[in-house]
Amino acid sequence: MNKKIIIFDTTLRDGEQSPGASLNPKQKLEIAKQLTKLGVDVIEAGFPVSSSGDFLAVKQIAKEIKTSIIAALARTVKKDIDACVEALKFSKNRRIHTFIATSDIHLKYKLKKTKEQVLEIAKEAVKYARKFSDDVEFSCEDAVRTDFNYLVKVIEEVIKCGATTINIPDTVGYAIPSEFGELIKNLMEKVENIHKVVLSVHCHNDLGLAVSNSLSALINGAKQIECTINGIGERAGNASLEEIVMSINVRKDFFKKINIELPQIDTKQIYKTSKLVSTLTGIYVQPNKAIVGLNAFSHEAGIHQDGVLKKSLTYEIMTPQSVGISESQLILGKHSGRHAFKKKLIELGFKINEKQIDILFNKFKELADKKKYIFDEDIIAIIQEKIGSTKEIIILDYFHISSGSSLIPTATVKLKINLKNKIKIVQESACGDGPVDAVYKAIDKIIKSELKLTELPKLTDYTLRSVSIGKDAMGEVTIKIKYSNITFTGKGISTDIIEASIKAYINTINKIVSLKLPKIWAQL
């Protein structure tokens, strides 16, 4: 019989405990809704007794989320459990999750209690929680460093008291995968009533082994894995949901042999969920993060690029589309080969011959030795080298902003447009979600009517940083826009960030317009 794996997501509880990752109730609800689209089985919505905000968040999630089980955390204290009961009362699928430490080091230094006292506290808490819910999870905090015989006794007793899920946390990320798998196997064999419950694991990443430990536990009998989006959480974080799910998906041949079913997760929602959590928590995903990192499906080395162009399976064990990413990226840099460079030229719309490629590739290599990152516009600049730099077709003449807490942001922008050596002044106004959005929409109106572009540029990235000190500091705005599948970068500097934003946008538009000037290839 195949074993169904339960995915227990604790992004909103343990994940939020990452330093600086606090979420308000509205943000928590937004993430919870996305987690249901992802298809997680259990959402641990928070720790209700910890704050009024957390209580409200759990309550709202319990009201609105119907497809997943909603769990709330409580210490083995009646007031904590009461807070969970009140926060979860609107959910039909609710779980009370209570915990207490069981290791000698925690008993001696943190709890200052005997093993017998902790056992009684655990039993009473589970009994009390069962009065309000048929779904009660109990966690033995720091289980990995707990005396094994005592751990067995605690688990057996809380199951007798009504626990339906038993969680074995590697609270401080101390275990080695083979060791953790052996612990789970031994518990499955030694705990007499373990067949009555779901055995769960909750692994931390202090040694970078959280996912490995979780999978080892799964192989040895665990049925539920507790994890977070992007692996966020206390200290070095938790086991990463996306890494666990895709490990099982990619290696389904292996897991099928041991009768483990694929989790019912819509993997195409993974990247979207990752981006949402990153945006709302302010915790950015490291570029080399597995599955969702910027470099996860990016290739710079020429050998790798050549392999991927011929057959993606050579260097990609899963497709980017399987996790919700549109496509792989061939990153042009000093390690890139001629095949990738040729492909980029074709993508940019240039008709080329082999002789021209050789000339341009050598110039590209010279530039790549000087720059860390090569953008589409750098390639275009190499091509345009013989016809001069980007011409300033558009120049800012005037702008005015009306914005405030009770006003709809409105912008008026006046631009000088120099076409065929004739200067035309054009003015437009627009409303937006904010002052920057409003000025960009006003500019879009002008370029749509005056430049006859086939499409409007799409803003893909916007960053602002201070380049000097003081109240009148200069602000530098850097933006990326996409036009005709080409990425352009623009910069603008001013003491006024709106003006800097306008300059950056105009800078990119001038680069776009320059492509419509004299035919490039005829002059090579």
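Results, tabulated for the structure shown:
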read-out	value
Fewest-first ranking of 187, 38, using other Cβ atoms within 10 Å as the exposure measure	187, 38
Peptide ranges 272-285, 197-210, 167-180 listed from the most packed, as the mean C-beta count within 10 angstrom indicates	197-210, 167-180, 272-285
Cα-based reach from residue 28 at 15 Å (exclusive), listing aspartates and glutamates while leaving out same-chain residues under 8 positions away	9, 14, 16, 44, 54, 64
Listed residue pairs exceeding 27 Å between alpha carbons, taken from 92/190; 355/452; 416/458	92/190; 355/452
Gyration tensor (alpha-carbon) shape descriptor, the chain, a/c threshold 1.5	prolate
Segment 224-300: C-alpha gyration tensor shape, a/c 1.5 cut-off, then a/b vs b/c	prolate
DSSP-defined beta bridges in the chain - what % are antiparallel, rounded to 5	50 percent
Among the listed pairs 252/275; 310/343; 310/334; 3/123; 3/275, those beyond 19 Å (Cα-Cα)	252/275; 310/334; 3/123; 3/275
Coil-residue trypsin sites (Lys or Arg not before Pro) of segment 72-170, DSSP, other Cβ within 10 Å capped at 11	92, 112, 131
Span-like helix ranges in the chain, DSSP H, alpha carbon extent 24 angstrom or more, Kyte mean at least 0.5	497-514
Shape call, segment 11-170: gyration tensor on alpha carbons, a/c limit 1.5	prolate
C-alpha center-to-center spacing [segment 205-244, segment 405-444] in angstrom	49 Å
Ranked packing of 288-296, 403-411, most packed first, by mean Cβ within 10 Å	288-296, 403-411
Distance violations [Cα-Cα > 27 Å] among 26/110; 4/272; 33/480; 113/196	26/110; 33/480; 113/196
The chain: calculated mean residue ellipticity at 222 nm from DSSP helix runs of at least 4, using -39500 (n - 2.57)	-11500 deg cm²/dmol
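Only the coordinates and a few stated rules stand behind these numbers; no lab work does. Just so it is clear, the structure is predicted and the values come from calculations on it, not from any experiment. Ideal geometry is used to build each Cβ from the backbone, glycine not excepted, and the neighbour counts take in all protein chains shown.
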